[in-house]
Amino acid sequence: MKYFVSDTHWHHKKIVEITNRGVETTQEEHTEWLINLWNKQVTNNDQVYLLGDVSFATKYDQIKEVFERLNGQIFVVKGNHCRTAMLDKLSGDHLIQAWYQYKEIKINTTDVCLFHFPISSWNKQGYGSIMLHGHCHGSFTPEKGKILDVGIDSAYNIFGVHRLFSELDIIEYMSKREVNVNDHHKDRTLD
């Protein structure tokens with residue numbers, strides 16, 4: 001199974017205060033709560049795509065301790081609060097499989113673009129590809145298009161609980177959304 005999440009913000013001193021996480025946890029318990037939430041869904045055979053803003057930790061050992069406890073094969077798409085040196089160390093210590101600025105994968109046969117930020121035009125958009133992003137903490141929900149914020153806070157807005165999005169969640173969510181193209185690619189002869 002593939003899972004998707006973003007904006008975990010481990011070690012952020014005010015994340016519970018500035019998001020909707022306070023309905024389920026406290027700032028002091030945030031790290032443990034999020035590790036438990038992750039591991040309840042994810043097995044070591046699963047793949048997790050973490051779309052940025054992993055941690056605000058200032059010391060590598062702080063975030064290393066978290067990743068040592070997480071289930072799954074983890075792939076990170078760099079967010080605006082991610083430091084390259086931290087991602088390189090996590091990769092070098094085999095705590096993540098790899099990290100990317102941008103990544104394209106497939107869910108079944110559907111093309112999926114992964115980026116920390118939402119973008120309005122992405123590869124194969126006119127053919128039904130999906131854009132998964134983070135960064136917005138559930139505050140950006142376009143009315144049209146196959147685009148979704150997979151952040152932990154967005155999950156709360158959609159499901160009423162904080163959790164990771166499974167590939168099955170993505171398929172179901174996108175089955176109700178139409179392809180929407182905002183640029184000249186509406187004319188497929190220009191692809």
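The values are calculated or read from the model by the stated rules, or taken from the named source; none is laboratory data. Every value quoted in this text rests on a predicted model; they were computed, and no experiment measured them. Cβ placement follows ideal geometry from the backbone for every residue including glycine, while neighbour counts extend to all protein chains displayed.
Do we have any residue at all in segment 86-95 that's modelled with pLDDT of 95 or more and either within 26 Å of Arg177 (Cβ to Cβ) or of a type in the set (Gly, Ala, Ser) (or both)?
For segment 86-95, residues modelled with pLDDT of 95 or more and either within 26 Å of Arg177 (Cβ to Cβ) or of a type in the set (Gly, Ala, Ser) (or both): present.
So Gln101 fits all but one of (1) under 28 Å from Lys64 (Cα atoms); (2) more than 17 Å from the chain's Cα centre (by Cα); (3) not β-branched (Val, Ile, Thr); what number is the exception?
(2)
Considering segment 137-147 alone, what residues qualify as being crowded, with 17+ Cβ neighbours inside 10 Å and either in contact (Cβ under 8 Å) with a residue 40 or more places away in the chain or of a type outside the set (A, V, I, L, M) (or both)?
Step one: of segment 137-147, the residues crowded, with 17+ Cβ neighbours inside 10 Å are 137-138, 145-147.
Selection gives His137, Gly138, Gly145, Lys146.
Answer yes or no as to whether Leu114 is surrounded by fewer than 13 Cβ atoms within 10 Å (Cβ to Cβ) and more than 17 Å from Asn20 (Cβ to Cβ).
Working: surrounded by fewer than 13 Cβ atoms within 10 Å (Cβ to Cβ): no; more than 17 Å from Asn20 (Cβ to Cβ): yes.
When the stated conditions are applied, Leu114 does not pass them.
Is one or more of the residues making up segment 72-81 at pLDDT below 95 and out of contact with any Leu (no Cβ under 9 Å at 6 or more places or on another chain)? Give the steps one after another, and end with the answer.
The initial filter retains those residues of segment 72-81 that are at pLDDT below 95, namely 79-81.
Filter once more, keeping what is out of contact with any Leu (no Cβ under 9 Å at 6 or more places or on another chain): 80-81.
Yes, that holds for at least one residue.
If you go through segment 6-33 one residue at a time, how many are surrounded by 22 or more Cβ atoms within 10 Å (Cβ to Cβ) and within 13 Å of Leu70 (Cα to Cα)?
1
Please tell me if Ile96 is in contact with a helix residue (DSSP H, G or I) (Cβ under 7 Å, 6 or more places away or on another chain) and of a type in the set (A, V, I, L, M).
Values: in contact with a helix residue (DSSP H, G or I) (Cβ under 7 Å, 6 or more places away or on another chain): yes; of a type in the set (A, V, I, L, M): yes.
Spelling it out, Ile96 is indeed in contact with a helix residue (DSSP H, G or I) (Cβ under 7 Å, 6 or more places away or on another chain) and of a type in the set (A, V, I, L, M).
Among the candidates Tyr102, Tyr173, single out the residue that is surrounded by 13 or more Cβ atoms within 10 Å (Cβ to Cβ), in contact (Cβ under 8 Å) with a residue 24 or more places away in the chain, within 25 Å of Asn80 (Cα to Cα) and not β-branched (Val, Ile, Thr).
Values: Tyr173 fails: within 25 Å of Asn80 (Cα to Cα).
Answer to the selection: Tyr102.
Which pairs do you get when a residue that is within 23 Å of Lys13 (Cα to Cα), found in segment 66-95, comes within reach of a residue that is of a type in the set (Phe, Trp, Tyr) and assigned to a loop (DSSP other than H, G, I, E, B), reach meaning Cβ atoms under 7 angstrom, with the pair 6+ apart or on two chains?
Pairs found: Val77/Tyr102; Val77/Phe115; His81/Phe56.
Checking the condition part of a helix (DSSP H, G or I) and either over 15 Å from the mean Cα position of the chain (by Cα) or not charged (D, E, K, R) (or both), which residue from Asn44, Asn39, Asn71 passes?
Values: Asn44 fails: part of a helix (DSSP H, G or I); Asn71 fails: part of a helix (DSSP H, G or I).
Answer to the check: Asn39.
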